[in-house]
1. Taking the stretch A:65-84 as the search range and keeping residues that are surrounded by fewer than 19 Cβ atoms within 10 Å (Cβ to Cβ) and hydroxyl-bearing (Ser, Thr, Tyr), which one is farthest from the other protein chains (Cβ to nearest Cβ)?
2. So, in the stretch B:61-76, of the ones that are open to solvent by 10 Å² or more (accessible area, probe 1.4 Å) and within 26 Å of B:Gly122 (Cβ to Cβ), which residue ends up nearest to the chain's Cα centre (by Cα)?
3. Those residues that are touching a Gly at 6+ places or on another chain (Cβ under 9 Å) and more than 10 Å from chain B (Cβ to nearest Cβ), I need them from the stretch A:1-31; list them, please.
4. Within the stretch A:184-199, does at least one residue satisfy the condition of being within 14 Å of another protein chain (Cβ to nearest Cβ), in contact with a Pro (Cβ under 8 Å, 6 or more places away or on another chain), over 19 Å from A:Val49 (Cβ atoms) and small (Gly, Ala, Ser)?
5. Scan (1) outside any helix (DSSP H, G or I); (2) open to solvent by less than 90 Å² (accessible area, probe 1.4 Å); (3) not basic (Lys, Arg) for the single condition B:Pro115 breaks and write down its number.
6. Considering every residue within the stretch A:16-31, establish whether at least one is in contact with an Asp or Glu (Cβ under 8 Å, 6 or more places away or on another chain), of a type in the set (S, T, N, Q) and within 30 Å of B:Asp83 (Cα to Cα).
7. Could you please find all residues in the stretch B:142-161 being open to solvent by 20 Å² or more (accessible area, probe 1.4 Å) and more than 11 Å from the chain's Cα centre (by Cα)?
8. Are there any strands (runs of 3 or more DSSP E) wholly within the stretch B:12-106 with 3 or more residues that are within 8 Å of another protein chain (Cβ to nearest Cβ), and if so which?
Amino acid sequence: MGSVLRYTASRCALSQVWVPPWLVYLLIVAIAYPPNTPALGSLSLGAIVLLPISAWLCLATLNSESEQQSASMAALAGGVVTYRMLVLVSALCAALALVPFSILYALLHNAGPLPVGDVVAAVLPHGVSAAVGTTIGALVARPLIARVGFALVWSCLLVVALIAIPHLPPVRLMVELLESAHLHAGDVIVSGATTAATLVGAAIVWWASATFSRRRT
Amino acid sequence: MTLITLHQVSKRYGDRIVLRPLDLAIRGGESIVVQGANGSGKSTLMRMIAGVSRPTSGTVDGIPERVGYLPERFRPPSLMRADVYLRHVGRIGNLNATTARQRIDSLSHILGIRPSVNERLGRLSKGNLQKIGLAQVFLPEHRLIVLDEPRTGLERAAWPALDELISNAVQRGAVVVSSEHDAHLIESAPRLLRIAANEATVIEQVTALRRVEFVVLPASEKAGELDRMLARFSSVTVESRTAGRDHSVVIWADSSEKDALLLCLLANGWTVNRLRMDGDRG
């Protein structure tokens, strides 16, 4: 497992396909986090922005490898489904690598201390955003959608829908919970359950998309 | 023992039929050559045997967990160094670092990768890139190796090295499936899968169909040596032929042994007067 993650990270580092989405995210965080306001407000923005960024990272990771090369590595790594799942895990890791920056910047930039509970509460929506964004990328990448233009349109539509519809789980719901000033016990349970359900759902969609991609090739 | 079994395997993309239903069983330690024109469905079949593409109907059974697969167009990350790439391949193929390094050195030497394996993949010539692709396939010891046009861009001088790698893999019980265009390789293949009009036909023992006739000068002083000399050739049959005052020795052999037999005859001082493929005009 680790060997495929290492290979994918090495390949993406050399071709620098992760650099643009990382830079855009860091720029947004640097510009848009309002100074001297509660950190949780900034972090909810960070979690929302991570959704399209992680979809971008995933799309870049999958589409930067040619179909032939991907097939060759998949045969070596134990099959198309296994290989694609591991590449998706690599893309998720690339998205999660941004979370510490978001939290650290909010901590430095905003007024007042940030309790550990709030940090944990902020990590969960970031993680959910990264997982959902990666799932969107998995659905719109080649060979499921061959043309980048269509992939862009579909990912934008999905991202906007997930952010704009009030109370829609998982991303919007998690962000709303984060924005509420004080988390109640019920909110914590909802937050934890939503995160767990998102991870399970994402894994199922990843597996389905990987299986379908094998059929398409 | 049968390793790979294809049962009524077919492939279509939308309405376009790429491969009609095919049944095939491949035994461990067997090499099979796939022949067909461009666009006949060879690569699709190879991908299904390698397990990276799913048949539209039918099943492919017995595919090992890890397969050595060289695609028709080998496109590794161009900015990565060849040795780094092969080390990644070794790790993914479950080789430890020391074994991987030794195998990389050995394969670089056998295949003649020039100027060195430390170059970036994007800077390598087409032939050397193909050699890296072959090294990638033969780095771990796979039970199934699928080579889609492995000689594309490969210099002739490197062909024997590839043949040796294939032969070694077959000897240790692996299945090797390769697509070839070279007439000699096709006719000398022990088993041929010919694809025409999206329909695959299995031809068993191709070599038995193509025998070669050697007409050699009578060398009476060496006549006693002939049987001993030919003992190591399994497919050889010998007959004497007399026409009037002319006397000749006619040797028949499978085409797979013709090069070795010719070398042996010449090396032992025999003169080959005529050489004819079965079915040729003379």
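1. The qualifying residue farthest from the other protein chains (Cβ to nearest Cβ) is A:Thr82.
2. Looking at the filtered set, the residue picked out is B:Glu72.
3. A:Tyr25, A:Ile28, A:Val29
4. Checked against the condition, which is being within 14 Å of another protein chain (Cβ to nearest Cβ), in contact with a Pro (Cβ under 8 Å, 6 or more places away or on another chain), over 19 Å from A:Val49 (Cβ atoms) and small (Gly, Ala, Ser), the stretch A:184-199 yields no hits at all.
5. Evaluating B:Pro115 over (1) outside any helix (DSSP H, G or I); (2) open to solvent by less than 90 Å² (accessible area, probe 1.4 Å); (3) not basic (Lys, Arg) leaves (2) as the failure.
6. No: the stretch A:16-31 contains no residue that is in contact with an Asp or Glu (Cβ under 8 Å, 6 or more places away or on another chain), of a type in the set (S, T, N, Q) and within 30 Å of B:Asp83 (Cα to Cα).
7. Scanning the stretch B:142-161 gives B:Arg143, B:Thr152, B:Gly153, B:Glu155, B:Arg156, B:Ala157.
8. B:68-70
The values are calculated or read from the model by the stated rules, or taken from the named source; none is laboratory data. Everything numeric here is computed off the predicted structure, so don't read it as measured data. Counting neighbours? That spans all protein chains shown, and the Cβs are built from the backbone with ideal geometry, glycine included. Ligands, DNA and RNA are stripped out before the accessible areas are found, and what is left, the full protein with its side chains, is counted by its heavy atoms. Shrake-Rupley method; radii C 1.70, N 1.55, O 1.52, S 1.80 Å.
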